[in-house]
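Asks: The following block contains the structure, expressed as structure tokens.
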Amino acid sequence: MEKSEAKRLLERAREMWDAEEWLASAELYEQILGHYPDEATSVAWWYDAALAYKFLRNWAKAYELGREAAARSPRGEQDPAFWNLGVAATIKRDWATARDAWEGFGIPMPEGEGEINGAFDPACVRLDTGGEREVVWIQRLCPTRGRVVNVPATRGRRFGEIVVHDGEPTGQRTYNGQSVAVFDELLLLEASSLPTLHATVNAAAASDVDALVASFFARDFGAEPASSFHMLCACCSEGVIDWDEASVPTHGGSQTVWLAAPETEARQLLDAWTAGGPRSWNGLELVG
């Protein structure tokens with residue numbers, strides 16, 4: 001390929017990029033890189049091509065081209081080529097490459113080999129399933145992957161599932177003075193076996209509801225009273241929410257509680273809870 005032809009294709013690739021025609025742009029970059037893989041500016045072409053495939057959720061291609069981009073990028077300087085490779089390698093479960101990518105970005109990894117199961121800071125993830133959107137809290141296992149620790153109200157989503165999220169924040173929550181970023185979900189990596197149920201509970205005081213929630217979490221199950229859910233418009237959801245101010249305190253009386261547990265165990269825990277005071281429950285239903 002003559003350099004004049006490569007220049008023409010490069011201009012076209014950039015036009016397609018600006019038009020968000022990701023596949024056309026990536027394929028044009030690949031044509032150029034097939035002839036000029038190691039030019040002074042080729043690292044940017046590798047990166048853009050890999051990023052375009054990330055936008056397309058073509059993780060095999062994002063991984064393939066991301067490896068080339070990272071190999072030409074400076075280590076330890078938070079270069080985004082390493083971040084994108086870390087995401088793609090995580091989704092492909094290539095843990096050795098993921099570990100090296102995070103280290104290359106500048107994030108120390110737990111010692112060992114294989115799957116990364118560290119204790120990273122918590123975060124929030126905006127789930128997206130068929131147009132429904134819900135922000136949940138996760139305990140991060142690595143820089144891009146975490147376990148959902150809320151009981152989602154969105155049908156088809158579950159407590160305990162493991163999701164992969166993007167790296168650019170799209171909102172912020174503050175809780176107990178700590179700022180926590182909200183990220184968009186990229187995909188559901190591992191489903192959870194725990195079904196979602198809900199029941200109506202009647203309790204004399206807020207402490208009774210807190211006791212119910214604690215009993216479920218003590219068994220590695222989940223429980224969410226209705227007061228923990230908040231409806232927000234898209235604009236507010238992508239802004240800064242002070243969770244301490246937004247939260248409605250747990251209250252006594254009657255309310256719905258979402259539960260994540262096998263039905264038999266859920267009934268046992270609810271029955272045990274009623275023995276602790278003037279409490280009752282009814283209407284346990286499977287919702288997802």
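Asks: Select from ALA69, PHE105, LEU56 the residue farthest towards the positive end of the dipole of the range 52-127; place +1 on Cβ of Lys and Arg, -1 on Cβ of Asp and Glu, and compute about the Cα centre.
Replies: LEU56
Asks: I would also like to ask the following. Given [x] 6, 27, 32, 21, 11, 3, 0; [y] 5, 21, 19, 13, 12, 9, 8, 7, 5, 1, 0; [z] 6, 24, 27, 21, 12, 7, 3, 1, 0 as candidate values of P(r) over Cα pairs in 10 Å bins from 0, in percent, which corresponds to the one derived from the coordinates?
Replies: [z]
Asks: Which angle between 0 and 90 degrees, to the nearest 10, do you get for helix 95-105 versus the longest principal axis of the chain when only C-alpha atoms count?
Replies: 70 degrees
Asks: Restricting to Cα pairs below 8 Å that are 6+ residues apart, what does the relative contact order work out to for the chain? Please round to a whole percent.
Replies: 12 percent
Asks: Right, something else. By how many degrees, between 0 and 90 and to the nearest 10, does the Cα long axis of helix 206-217 differ from the longest principal axis of the chain?
Replies: Rounded to the nearest ten degrees, it is 50.
Asks: What order do you get for VAL151, VAL135 when you list them from fewest to most C-beta neighbours inside 10 Å?
Replies: Arranged by neighbour count, lowest to highest, VAL151, VAL135 become VAL135, VAL151.
Asks: Measure nothing fancy, just the Cα-based angle from helix 263-274's long axis to the longest principal axis of the chain, in degrees from 0 to 90, nearest 10.
Replies: Roughly 50 degrees, rounded to the nearest 10.
Asks: Using +1 on the beta carbon of Lys and Arg, -1 on that of Asp and Glu, and nothing else charged, what's the dipole of the chain about the Cα centre, debye to 20?
Replies: 440 debye
Asks: Now, a different point. Please report the spacing between the Cα centers of the range 131-172 and the range 60-80 in Å, no decimals.
Replies: 25 Å
Asks: Going by how many other beta carbons lie within 10 Å of each one, how would you line up LEU186, LEU259, fewest first?
Replies: Going from sparsest to densest Cβ surroundings: LEU186, LEU259.
Asks: What is the calculated FRET efficiency for ARG93 to ASP220, with r their C-beta to C-beta distance and R₀ = 22 Å, to the nearest 0.05?
Replies: The calculated FRET efficiency here is 0.40.
Asks: Could you put TRP46, TRP137 in order, starting from the residue whose Cβ has the fewest other Cβ atoms within 10 Å?
Replies: Least to most surrounded, the residues fall as TRP137, TRP46.
Asks: Take peptides 163-175, 33-45 and line them up by average Cβ neighbours within 10 Å, highest first, as a rough protection proxy. Write down the numbers at each step before the final one.
Replies: Values: 163-175: 17.8, 33-45: 14.0.
So the peptides 163-175, 33-45, ranked by packing, come out 163-175, 33-45.
None of the figures in this text is laboratory data; all of them are computed from the coordinates on show. Being a predicted model, the structure only gives us computed values, none of them experimental. Neighbour counts run over all protein chains shown; Cβ positions are idealised from the backbone, glycine included.
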